[in-house]
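Notes follow the structure.
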Amino acid sequence: MSTIAFPYLLADKPETFFFPPKASTFAAENDFFYMALFYIALFFFLLIVVGMIVFVIKYRQRPGYEGDPRPLHNNALEITWTVIPTLIVCWIFARGVYGYMEMMRAPAETIDINVEARKWNWLFEYPNGARDPVLHIPNDKAIRLRMRSVDVLHCLYVPAFRCKTDVVPGRVTQLWFQPIREGTFDIFCAEYCGDQHSEMLTKVVVHSQEDYEAWLAEAVKPPIAPVAHGQWLYERMGCKSCHSLEPNKVVVGPSFNGSYGKSFRDSKGQDVSFDANYVRESVLAPQAVMRPEFVKASQMPSFQGKLKENEITAITAFLQALEDGNISDEEMNAVPAAESTENTTGEGETDSAAQAAEQVSGN
Amino acid sequence: MSHEHTSAHGAGHHGDGHGGHGDHGHLPFLAHHFDDPEQQFDSGKLGIWIFLVTEVLFFSGMFCAYSLYRSRNPEVFMFASQFLNEALGAFNTCVLLFSSLTMAWGVRCAQLRQKNGLVLCLALTLGCAAIFLGVKAVEYTHKWDIGLLPAGSYLAQPEVPVHHEGLSPWLINLSIVPGILLVAFAVWLVITFVKGDKRMSEIAGTLLATAACYFLGVFVGLKFQEAEASSSAHAAHEISVEHDGDTGSHEAGVTADEHAQGQPAESATSESANDHVSGTTGTEAPLKEIEAHLVSLDAPKVVPGAPLDAMVNQKGGAGLFFSIYYCMTGVHALHIIGGMVVMVWLLVRATKDQFHEQYFGPVDYVGLYWHLVDLIWIYLFPLLYLIK
Amino acid sequence: MSAVAESPTHSHSQVTENYLFNTKGFLSWALTLDHKRIGLMYLVGVMSSFLVGGLLALLIRAELFTPGELFLNNKQFNQVFTLHGAVMVFLFIIPSVPAALGNFLVPVMLGAKDVAFPRLNLCSFYLWVGGAIFFLCALFYTGLDTGWTFYTPYSSSSEFGTMGPVVWATMGVFILGFSSIFTGLNFIVTINTMRPPGMAWFKMPLFLWATYSTSIIQVLATPVLGITVLLLAAERVLKIGIFDPHLNGDPVTYQHFFWFYSHPAVYIMILPGMGIISELMSVHSHKSIFGYRFIAYSSVAIAIFGFLVWGHHMFTAGMAEVTTVVFSALTFSVSIPSAIKVFNWLATMYKGTVYLNTPMCYALNFLFLFTIGGLTGLWLGALSTDRALHDTYFVVAHFHYVMMGGTLVAFVGGLFHWWPKMTGKMFNDLWGKISCLLVFIGFNMTFLPQFVLGSRGMPRRYARYLEEFQVLHQISTAGAFVLGAGLFVALGVLIHSLMRGRRAPNNPWGAATLEWQCTSPPPFYNFASAPSVTDPYDYLPLKYISEEEGWVYISPTKSTDPQAHPEIAKS
Amino acid sequence: MPVWQLLAVFVALILLTALTVLQASLGLGNLELILSLIIATIKASLVILFFMHMIHEKPLNAIIFLSSFVFVALFIGFTLMDAAGYRDSLEYQQIDSTPPPAVEHAE
């Protein structure tokens, strides 16, 4: 906003008065078309406004001037100003369809990333299974997002890429684009989705190919220490959009800070203690036991099948560590003795064992 | 609709200064702002046609929903429509067509100033409407009893229904209002009869007959249903004997879709249907009746190899069909009730002998509305009941 | 209402009977069947709704002065913008011109005594009042926050209970829909059957053509809204599932249903405004309208094409490609009739005598703002740019230019134009022009920056925003308050005229349509006998008489004289 | 409107109802939908033309009423066209007898 520059005719600067940076292959066409429309519209606008001003001045009522009230008619003129705009809108339509088709036809080779939208955050799932609330993509590669929503309508909008598509529950919608410059750009939710709609923001980070691969390799590994793992999940699984880490701050659900280990009376009047069992139950069947003040607000989905047992344990550890409000680095990275030996022997085994266990329980 | 304008305005403003408008004062039915009866009639006619246009577009929303979901999941519609009683639908169609006939006849009577004919036609139309509603009440309550509800509450397999002897409690609840009306009209008829007010007796008698027709409709509906149930219970019995060995071990609590998942598709329905029978052999009679009905409706009609699977008989499958069914027929029934209210208004005016060659607009307008309601049913019947 | 009904100081001087004072008392208004009184009551109603909606708009703009929270939290912000949208659309814009001005004008312009169904008309008014009270109570009490569009599944699964605000609000919309249908039905029948002898279709004033087209839309589209909100209510209460993805329903189906009404509704909003401008441009340029038939036909064309373009609200909503392209093509078809109208209005001024009084200033203001609104539609109709601009502030600015810069400005202009006829009082022209200037400045200051906000990527319905957007938002907020001030000045001018305004002549502007042939304000019966119909845009026989401070019809035939001097006709 | 005409129309309507029930029991598959709609439309035309006196009606009224079907066709046509196009992206879900917690407990 610091530089208000005159609109550029060719709109070829990366960031102009009208546009955010040009960061995808769509941007050039979009900006060109936008400016073309701008000048077409400006022409007609000036035609009308100048005509208006001239007529008002020239034919204004004044002493000594008498206008002629008789009707005028001119078929040639009527036809002219019907046909010319018609031809122009035909061109606009055709050009619009041209650009649109480009945006709808993804090339054959794309990097497919699954997107899960929920109130009020995004989760991106990468081909190697990594999940992250921020979209990381390599530069100059065609990316295809396959988007699902678990609750209401959302819309993934990247202004720098000049494209958006609604995320419709009950469907898989797709959006593809190809970034052309590295950097970090905003992702907005553009379809109204409730209280925190305006805070359903994230970023898209366009890496170089090597950085992307490095990031991907790193992203798939959760921290080993349970507490850190819990926090890692907290940031990725959507907990953080409703549960804050500040004491007593209610976003939608109760704060995670200082809850663990306390007792409360639930909405059915029973005393419940906030322990590992309660955490597990709340994750799998959120509405089974609720605090009375959150009954109305609770829209928490079940995480049955989405969190593995060891992950629930990690979250429990994270909550436990939050008991006193702060987590020291020491706590964060502490690895319990029993588990650490297991981890040193082979983390993969634990994971696959957990998966196997889950599969059994799932059936 | 507008016959009373003249008098309303006479009371509403000073009489001075409007001498020029008294020239048609001798036509009591002509509103002040119209020049002549023809203009008044044309206006009313155009008005009612436009109103019918809004009605058509109002229903179009539901027809649109119907075509969307039918085109998306035809198998769901084929499956779910089997639960609708075709015979009752056909009967109701005939009842409505007959009411259309009497209504059209009524318009003719009004045009010819045949007062008694008009009253009779209106009474017949009202009676048919009440029969239609009675039959509909039987159809609805039967479905509610066995869990064929809109998607959110749809039960793929009926739970053990509330115990009741013979009549569904839903049906009894639905019949409370007509019952009260029946008694009230009867009392009113007696009062007017005692008073010797012939005109009022005529009205009260018609209304009493209308209320009674509702119960006639209920009776007919129940008879149809009984006949259907007994004829198909026989068929069901045969099937259950045939498959006795396979299905004896199943419990009634297993839901149809869970069950169907583990079974080859072609036998899914007959199997699950048999569940109900075998699971309830020891229980009370009413239960049997309902389950026999379920069997009767889907078992004999399943073609071996038909794509009937767990995805169909569920909330978001057949449940959606029933959502659309209830919306369409429910809104249609509301229109029937609305039509009955205006027809009572016509009846009152007809007994006052207010309609004649020059002024029969209201009868004509209500008639057009009534035919439109009939028209919508003409489409609803094949679209909902006759899908195979 | 009472302000109009009971301003006793000046009424004593008036000896002629008029509809305002021919009967007295509350009931004579509350139960009136007179279309003019019903129109006035509607006017008070829609203006009150506009006040509510406008204050909510200022609340929104004030909150957006800073990127963070100023005085509304997210939930409150969402409720406020929902209320603003719902009140403005359902309670103000849709009934504004047709129900308020239309009710007053349609029969008088036709030379008829009343609308075809006066009781239906009153019924429509009370449905509106009932619906409005119901709707407002529901919205304020329950805190609806779905946006005025009630998009599923948010509206069908938000945290409120089964009988939550959505059900109440939809019931309110349902009732208001009936009111709208009855008004439309009444006008179609009135215009069809109650035209006096001599008034052929192409001798009707263009306002009537616009009203007729509007009524067609009201009658055809509103029932679909009725069934849509009914199904939505059923969705919540009975869980019928057809809009609910959790029951295999489809939210996009809801959007189709909703926009099948709500796009034509945009033309319910703008067409009557265009009708007003056609009158204003011609009368105040003292020049027969240029291309009468083109304007008349384009009104009907807009009404019909309006039904074919609803999909352009859903270009990014997951529609199929083929549907998207078809809807884009059809969308552009609507732009042509609108362009024709604008050019014809402009050409009307050519060689005329332009009187720059308040109504004309508003008409020119309309031309300026509506041109911007219409032209920015090109970006949104074109598919590729729409993918960037959809659901951003660009859209917000676009439809405010069309609906507010269009309909509202035309409505206020029309109000000034017909005010002398409705109330019998002249207003202060200078202050009227000042209000117009303030509206012009404020409006452009509010909404021009929003185009830039939109193309830079600011999504709509955001309670918080990134700091990079702050300067533009602040300009916009400042503009909103200027705009508000302008509208308050306009209101002040009108109220002042009721108190202090000089008596209006029968024809202060020199207009040739029939309503100016009866007294100001008109008598109860409008016309003693059916007036002789003349060309509505023939200004030749009109002469300015300075003693009367108004225009008088000088024609060889004496047929219109009794209307010019009704007190003689009465005696 | 003579009485015999009214009665004849009524008889025709009843016969057509019987016909549509009959054809539904034949199991004609896709053809059936078309057939039953054709029969329904014939019935509707009879009602409109005779019971509703459309044959004696002013052309304007007839046009107004029939034009409503044009708009219905537009509405349903476009919506169906769109539905046919996006069908691939839909996910038909199996819904348990117990509804998903996210929905049911939303209240």
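Name the one entry in C:A301, C:A329 that is assigned to a helix (DSSP H, G or I), under 22 Å from the mean Cα position of the chain (by Cα) and among the small types (G, A, S).
Numbers: C:A329 fails: under 22 Å from the mean Cα position of the chain (by Cα).
The match here is C:A301.
Do you know which residues across region A:128-144 are free of Cβ contacts under 8 Å to residues at least 40 places away in the same chain and either assigned by TED's automatic domain parsing to the domain that holds A:S241 or under 24 Å from A:S302 (Cα atoms) (or both)?
Just the residues of region A:128-144 that are free of Cβ contacts under 8 Å to residues at least 40 places away in the same chain, to begin with: A:142-144.
None; the set is empty.
Within the bounds of region B:58-81, is there any residue that is farther than 23 Å from B:Y325 by Cα and in a helix (DSSP H, G or I)? Show your work before the answer.
Applying the first criterion (farther than 23 Å from B:Y325 by Cα) to region B:58-81 yields none.
The answer is no; no qualifying residue exists.
Mind telling me which of the residues C:L383, C:L408 ends up being within 10 Å of another protein chain (Cβ to nearest Cβ), surrounded by 24 or more Cβ atoms within 10 Å (Cβ to Cβ) and among the aliphatic types (A, V, I, L, M)?
Values: C:L408 fails: within 10 Å of another protein chain (Cβ to nearest Cβ).
Sole residue among the options that is within 10 Å of another protein chain (Cβ to nearest Cβ), surrounded by 24 or more Cβ atoms within 10 Å (Cβ to Cβ) and among the aliphatic types (A, V, I, L, M): C:L383.
For the condition over 16 Å from B:G106 (Cα atoms) and crowded, with 18+ Cβ neighbours inside 10 Å, what is the one hit in D:I55, D:I34, D:I39, D:I14?
Answer to the selection: D:I39.
Can you list residue pairs whose Cβ atoms sit under 7 Å apart, with the first residue in region B:37-65 being under 16 Å from B:W370 (Cβ atoms) and within 7 Å of chain C (Cβ to nearest Cβ) and the second being surrounded by fewer than 21 Cβ atoms within 10 Å (Cβ to Cβ) and among the acidic types (D, E)? Count only pairs 6 or more apart in sequence or on different chains.
Pairs that qualify, where the first residue is under 16 Å from B:W370 (Cβ atoms) and within 7 Å of chain C (Cβ to nearest Cβ) and the partner is surrounded by fewer than 21 Cβ atoms within 10 Å (Cβ to Cβ) and among the acidic types (D, E): there are none.
May I ask you to list pairs of residues, at least six apart or on different chains, whose Cβ atoms are under 6 Å apart, with the first in region C:505-516 being assigned to a helix (DSSP H, G or I) and the second being modelled with pLDDT under 90?
As it stands, the answer is C:L514/C:G111; C:L514/C:P531, since those pairs meet every condition given.
Check region B:310-322 and report whether any residue there is within 17 Å of the chain's Cα centre (by Cα) and buried (at least 22 other Cβ atoms within 10 Å of the Cβ).
We begin by selecting, within region B:310-322, every residue within 17 Å of the chain's Cα centre (by Cα); these are B:322.
Now drop any that are not buried (at least 22 other Cβ atoms within 10 Å of the Cβ), which leaves B:322.
Scanning region B:310-322 turns up at least one residue that is within 17 Å of the chain's Cα centre (by Cα) and buried (at least 22 other Cβ atoms within 10 Å of the Cβ).
Please determine, by comparing only the residues of region C:17-57 that are within 14 Å of chain B (Cβ to nearest Cβ) and among the aliphatic types (A, V, I, L, M), which one is nearest to C:V409 (Cα to Cα). Spell out how you get there, then give the answer.
So in region C:17-57, the residues within 14 Å of chain B (Cβ to nearest Cβ) come out as C:17-38.
With among the aliphatic types (A, V, I, L, M) added as a condition, the list becomes C:20, C:27, C:30-31, C:33, C:38.
Numbers: C:L20: 26, C:L27: 33, C:A30: 29, C:L31: 31, C:L33: 29, C:I38: 22 Å.
Checking each candidate, the answer is C:I38.
Scan region C:438-457 residue by residue and report those that are closer than 30 Å to C:N103 by Cα and either within 14 Å of another protein chain (Cβ to nearest Cβ) or charged (D, E, K, R) (or both). Step through it out loud before you land on a result.
Residues of region C:438-457 that are closer than 30 Å to C:N103 by Cα, as a first pass: C:438-440, C:443.
Residue satisfying the conditions is C:F440 alone.
Against the conditions (1) part of a helix (DSSP H, G or I); (2) surrounded by 24 or more Cβ atoms within 10 Å (Cβ to Cβ); (3) within 12 Å of another protein chain (Cβ to nearest Cβ), where does C:G352 fall short? Just the number, please.
Going through (1) part of a helix (DSSP H, G or I); (2) surrounded by 24 or more Cβ atoms within 10 Å (Cβ to Cβ); (3) within 12 Å of another protein chain (Cβ to nearest Cβ) one by one, C:G352 breaks only (1).
Out of the residues in region A:279-296 that are at the interface with chain D (Cβ under 10 Å from one of its Cβ atoms) and part of a loop (DSSP other than H, G, I, E, B), state the one that is modelled with the lowest pLDDT. Spell out the reasoning first.
Here is the first cut: in region A:279-296, the residues at the interface with chain D (Cβ under 10 Å from one of its Cβ atoms) are A:284-288, A:290, A:295-296.
Then keep just the ones that are part of a loop (DSSP other than H, G, I, E, B); that gives A:285-288, A:290, A:295-296.
Values: A:A285: 82, A:P286: 80, A:Q287: 78, A:A288: 79, A:M290: 80, A:V295: 73, A:K296: 66.
By that ranking, first place goes to A:K296.
Across region C:21-45, what is the number of residues that are basic (K, R) and either surrounded by fewer than 22 Cβ atoms within 10 Å (Cβ to Cβ) or without any contact (Cβ under 8 Å) to a residue 12 or more places away in the chain (or both)? So that I can check it myself, show each step before the final result.
Narrowing region C:21-45 to residues basic (K, R): C:24, C:36-37.
Going one step further and asking which of them are either surrounded by fewer than 22 Cβ atoms within 10 Å (Cβ to Cβ) or without any contact (Cβ under 8 Å) to a residue 12 or more places away in the chain (or both), we end up with C:24.
Total meeting the criteria: 1.
Can you give me the number of residues within region B:29-73 that are more than 22 Å from the chain's Cα centre (by Cα), surrounded by 24 or more Cβ atoms within 10 Å (Cβ to Cβ) and of a type in the set (G, A, S)?
3
Quick one: in region C:462-520, which of the residues that are of a type in the set (F, W, Y) and buried (at least 20 other Cβ atoms within 10 Å of the Cβ) is farthest from C:K287 (Cα to Cα)? Can you show your working first?
As a first pass, look at region C:462-520 and keep what is of a type in the set (F, W, Y): C:462, C:465, C:469, C:481, C:488, C:509, C:516.
Narrowing further to those that are buried (at least 20 other Cβ atoms within 10 Å of the Cβ): C:462, C:465, C:469, C:509, C:516.
Numbers: C:Y462: 47, C:Y465: 50, C:F469: 46, C:W509: 12, C:W516: 16 Å.
Checked region C:462-520; the qualifying residue farthest from C:K287 (Cα to Cα) is C:Y465.
Check A:K240, A:K203 and return the single one that is outside the structural domain of A:N121 (by TED's automatic domain parsing) and charged (D, E, K, R). Give the steps one after another, and end with the answer.
Values: A:K203 fails: outside the structural domain of A:N121 (by TED's automatic domain parsing).
Testing whether each residue is outside the structural domain of A:N121 (by TED's automatic domain parsing) and charged (D, E, K, R) leaves just A:K240.
Of (1) under 30 Å from C:P245 (Cβ atoms); (2) not in a strand (DSSP E or B), A:D211 satisfies all except one. Which?
(1)
Exactly one of these conditions fails for A:P63: (1) within 42 Å of the chain's Cα centre (by Cα); (2) more than 7 Å from chain C (Cβ to nearest Cβ). Give me its number.
Looking at each condition in turn, A:P63 falls short on (1).
Is it fair to say C:V395 is part of a helix (DSSP H, G or I), β-branched (V, I, T) and within 19 Å of C:L64 (Cα to Cα)?
Numbers: part of a helix (DSSP H, G or I): yes; β-branched (V, I, T): yes; within 19 Å of C:L64 (Cα to Cα): yes.
Yes: the conditions hold for C:V395.
Scan (1) over 30 Å from D:S89 (Cβ atoms); (2) charged (D, E, K, R); (3) within 14 Å of chain D (Cβ to nearest Cβ) for the single condition C:R293 breaks and write down its number.
It is condition (3) that C:R293 fails.
Among (1) under 20 Å from C:H400 (Cβ atoms); (2) more than 7 Å from every other protein chain (Cβ to nearest Cβ), where does C:I372 come up short?
(2)
Residues are listed down the side, and each one gets a yes or a no for (1) modelled with pLDDT of 90 or more; (2) more than 18 Å from the chain's Cα centre (by Cα); (3) farther than 24 Å from C:A221 by Cα; (4) at the interface with chain C (Cβ under 7 Å from one of its Cβ atoms):
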{"site": "D:F51", "(1), (2), (3), (4)": "yes, yes, yes, no"}
{"site": "D:F69", "(1), (2), (3), (4)": "yes, no, no, no"}
{"site": "D:V72", "(1), (2), (3), (4)": "yes, no, no, no"}
{"site": "D:G85", "(1), (2), (3), (4)": "no, yes, yes, yes"}
{"site": "D:D88", "(1), (2), (3), (4)": "no, yes, yes, no"}
{"site": "D:Q94", "(1), (2), (3), (4)": "no, yes, yes, no"}
{"site": "D:T98", "(1), (2), (3), (4)": "no, yes, yes, no"}
{"site": "D:P101", "(1), (2), (3), (4)": "no, yes, yes, no"}
{"site": "D:E107", "(1), (2), (3), (4)": "no, yes, yes, yes"}
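Is region B:110-117 home to any residue that is of a type in the set (K, R) and more than 18 Å from D:L13 (Cβ to Cβ)? Working first, answer last.
Taking region B:110-117 first, the residues of a type in the set (K, R) are B:113, B:115.
Then keep just the ones that are more than 18 Å from D:L13 (Cβ to Cβ); that gives B:113, B:115.
Looking through region B:110-117, at least one residue is of a type in the set (K, R) and more than 18 Å from D:L13 (Cβ to Cβ).
Which of the residues that make up region A:134-162 are in a loop (DSSP other than H, G, I, E, B) and either surrounded by 23 or more Cβ atoms within 10 Å (Cβ to Cβ) or more than 9 Å from the chain's Cα centre (by Cα) (or both)? Let's see the steps before the verdict.
Looking only at region A:134-162, we keep the residues that are in a loop (DSSP other than H, G, I, E, B), and these are A:134, A:139-142, A:150-153, A:162.
Hits for region A:134-162 are A:N139, A:D140, A:K141, A:A142, A:V150, A:D151, A:V152, A:L153, A:R162.
Return the pair list, or none, for Cβ contacts closer than 7 Å from residues in region A:87-109 that are farther than 16 Å from C:F327 by Cα to residues that are outside any helix (DSSP H, G or I), at least 6 apart or on different chains.
Close Cβ pairs satisfying both conditions: A:M103/A:C163; A:A106/A:A142; A:A106/A:R144; A:A106/A:W176; A:P107/A:A142; A:E109/A:A142.
From the list C:L438, C:L448, C:L466, C:L453, pick out the single residue that is among the aliphatic types (A, V, I, L, M), under 23 Å from the mean Cα position of the chain (by Cα) and over 30 Å from C:W516 (Cβ atoms). Steps first, answer last, please.
Values: C:L438 fails: over 30 Å from C:W516 (Cβ atoms); C:L466 fails: under 23 Å from the mean Cα position of the chain (by Cα); C:L453 fails: under 23 Å from the mean Cα position of the chain (by Cα).
Among C:L438, C:L448, C:L466, C:L453, only C:L448 is among the aliphatic types (A, V, I, L, M), under 23 Å from the mean Cα position of the chain (by Cα) and over 30 Å from C:W516 (Cβ atoms).
All but one of (1) over 18 Å from the mean Cα position of the chain (by Cα); (2) assigned to a helix (DSSP H, G or I) hold for C:G102, so report the exception by its number.
Answer for C:G102: the failing condition is (1).
Has region C:283-295 got any residue that is touching a helix residue (DSSP H, G or I) at 6+ places or on another chain (Cβ under 9 Å), in a helix (DSSP H, G or I) and without any contact (Cβ under 8 Å) to a residue 40 or more places away in the chain? It would help to see each step written out before you state the result.
Going through region C:283-295, the residues touching a helix residue (DSSP H, G or I) at 6+ places or on another chain (Cβ under 9 Å) turn out to be C:283-285, C:287-295.
Next, only the ones that are in a helix (DSSP H, G or I) stay: C:283-285, C:292-295.
With the extra rule that they be without any contact (Cβ under 8 Å) to a residue 40 or more places away in the chain, the set shrinks to none.
No, that holds for no residue.
Tell me whether region B:356-371 contains one or more residues that are within 15 Å of the chain's Cα centre (by Cα), more than 8 Å from chain D (Cβ to nearest Cβ) and closer than 25 Å to D:M54 by Cα.
Within region B:356-371, the first condition is being within 15 Å of the chain's Cα centre (by Cα), and the residues that meet it are B:370-371.
When the remaining residues are screened for being more than 8 Å from chain D (Cβ to nearest Cβ), the result is B:370.
From the residues that got through so far, the ones that are closer than 25 Å to D:M54 by Cα too are B:370.
Yes, there is a match, as at least one residue in region B:356-371 is within 15 Å of the chain's Cα centre (by Cα), more than 8 Å from chain D (Cβ to nearest Cβ) and closer than 25 Å to D:M54 by Cα.
The values are calculated or read from the model by the stated rules, or taken from the named source; none is laboratory data. Fair warning: this is a prediction, and the values are worked out from it, not measured in the lab. Methodologically, a virtual Cβ is constructed for each residue, glycine included, from the backbone with ideal geometry; neighbour enumeration extends over all protein chains shown.
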